[in-house]
1. Looking at A:130, A:115, A:170, A:140 in this structure, which one is within 21 Å of the chain's Cα centre (by Cα), at pLDDT 95 or above and not in a loop (DSSP other than H, G, I, E, B)?
2. Could you tell me whether region A:221-240 includes any residue that is assigned by TED's automatic domain parsing to the domain that holds residue A:20 and in a loop (DSSP other than H, G, I, E, B)?
3. Are there strands (runs of 3 or more DSSP E) fully within region A:1-71 with at least 1 residues that are within 14 Å of another protein chain (Cβ to nearest Cβ)? List them.
4. Name the residues in region A:346-375 that are in a strand (DSSP E or B), within 14 Å of chain B (Cβ to nearest Cβ) and more than 19 Å from residue A:270 (Cα to Cα), would you?
5. Yes or no: residue A:62 in contact (Cβ under 8 Å) with a residue 40 or more places away in the chain, in the same structural domain as residue A:202 (by TED's automatic domain parsing), under 24 Å from residue A:217 (Cα atoms) and surrounded by 20 or more Cβ atoms within 10 Å (Cβ to Cβ)?
6. Which members of region A:376-385 meet the condition of being more than 12 Å from chain B (Cβ to nearest Cβ) and either crowded, with 17+ Cβ neighbours inside 10 Å or part of a strand (DSSP E or B) (or both)?
């Protein structure tokens, strides 16, 4: 309980309490775990829409003529190749190639980038970006505290966000492509603040559905939250907590830092080698020596010791993070250990247990029959491709 | 402070038991709320001899798994197959339709009354 007392509260904390949310500590923040029901919130996002408070995430801005070059040096991806108004999934690695955090990089202007980091890593990422940008003509500013982030996710998200958008910007919202962002003005109905607020609207998310992430000044977060809840009422929108967020991202096969990614993992083992741009070049066409490059080059050229796979449960008992993946034994007892589950849950959408796990390469082929040691009993699982769920 | 049915007795592990014969056992609303949506129940088989304080099954929710302890010692005479088929019943009505199993009780574990349990649950 003392841990909870130390957790930071988002600008939307009072809204969560008023909605009767069960709160939980996550990444140093006190966050809504669920409002009413994990399953109902999960299903609402798949079938209609969910409203999430993501204000715990970190927002670090890089501005200046050298901002792109600084990020090319600091991250594994080629930030300077992102078009203005577009976004890309990337990672920040240590010199040894291990993952310090996974990020989304938004290019807001020629000389302006926004890096969004996980809550628990936000301070580290801001610190690292300041250190790694030294020597580049760029200013690094951590605006996490003054920025709230609200996500509307689900097939009805566009209708709901459009409903709170000022008439002149509705077309911009509707036309926004996946992994693109645009500055738009939303109507909050908060007369004291003029009834409008300028936000950055991004068509990104962590649920496997269409949706928007809205970066809003912290002081306008409550008015925007209320406006979205009201606009979403006829569309089946419900507030959704971290529990639904976790089961949604798991079905969508998306990694969660601390589970699939950590400082013992490189992007290659996680099956995310595509984000590492060993071929990136600077403005003069010379190769960019980014942090972690040498280690990642070596890792790319050697076979991985373990591979991230999807597992589908054949029975009803779900695997959970930390459980051993084992070879199935004829007598139903757990056999030799071949890996570890990183995330696991009963899939609300699919109706069977799903899990992600690191396993040795020889048992990583699709269709391989394995088992998970679920508290002493071997439960049958089979290797399946990720993601488990893809929207149609 | 939350209130709980006065006719039941409660264990520290958030199970309840009534004083009928056979006695009915379930989990409390506190346990059901903490678990979140229950999606899978593993209940003891009919005929099993169980001991108070012993693990007799498990309750899985979307978010977590929790062991099911027996608040009493005796023989399992019936399990709630309807709840096993539709575990959401446990969340919807933990003190009623969401009961878990019935026991021919030979001894009770350390139990408390509703007021004491309400204090524990605070």
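1. A:115
2. Within region A:221-240 (the criterion being assigned by TED's automatic domain parsing to the domain that holds residue A:20 and in a loop (DSSP other than H, G, I, E, B)), the answer is yes, since at least one residue qualifies.
3. By residue number, A:22-26, A:29-34.
4. A:346, A:353, A:372, A:373, A:374
5. On the way: in contact (Cβ under 8 Å) with a residue 40 or more places away in the chain: yes; in the same structural domain as residue A:202 (by TED's automatic domain parsing): no; under 24 Å from residue A:217 (Cα atoms): yes; surrounded by 20 or more Cβ atoms within 10 Å (Cβ to Cβ): yes.
Taking the combined requirement at face value, the residue does not satisfy it.
6. The first filter runs over region A:376-385 and keeps only residues more than 12 Å from chain B (Cβ to nearest Cβ), leaving A:378, A:380-385.
The answer is A:378, A:380, A:381, A:382, A:383, A:384.
Listed here are the residues, each with its yes/no results for (1) touching a residue at least 60 places away in the same chain (Cβ under 8 Å); (2) crowded, with 20+ Cβ neighbours inside 10 Å; (3) touching a strand residue (DSSP E or B) at 6+ places or on another chain (Cβ under 7 Å).
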site: A:170; (1), (2), (3): no, no, no
site: A:182; (1), (2), (3): yes, no, yes
site: A:190; (1), (2), (3): no, no, no
site: A:194; (1), (2), (3): no, no, no
site: A:210; (1), (2), (3): yes, no, no
site: A:213; (1), (2), (3): yes, yes, yes
site: A:220; (1), (2), (3): yes, yes, yes
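For (1) part of a strand (DSSP E or B); (2) within 14 Å of another protein chain (Cβ to nearest Cβ), each residue gets a yes or a no:
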site: B:4; (1), (2): no, no
site: B:7; (1), (2): no, no
site: B:13; (1), (2): no, no
site: B:24; (1), (2): yes, no
site: B:32; (1), (2): no, yes
site: B:60; (1), (2): yes, yes
site: B:67; (1), (2): yes, yes
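The values are calculated or read from the model by the stated rules, or taken from the named source; none is laboratory data. All values derive from a computational prediction rather than experimental measurement. Counting neighbours? That spans all protein chains shown, and the Cβs are built from the backbone with ideal geometry, glycine included.
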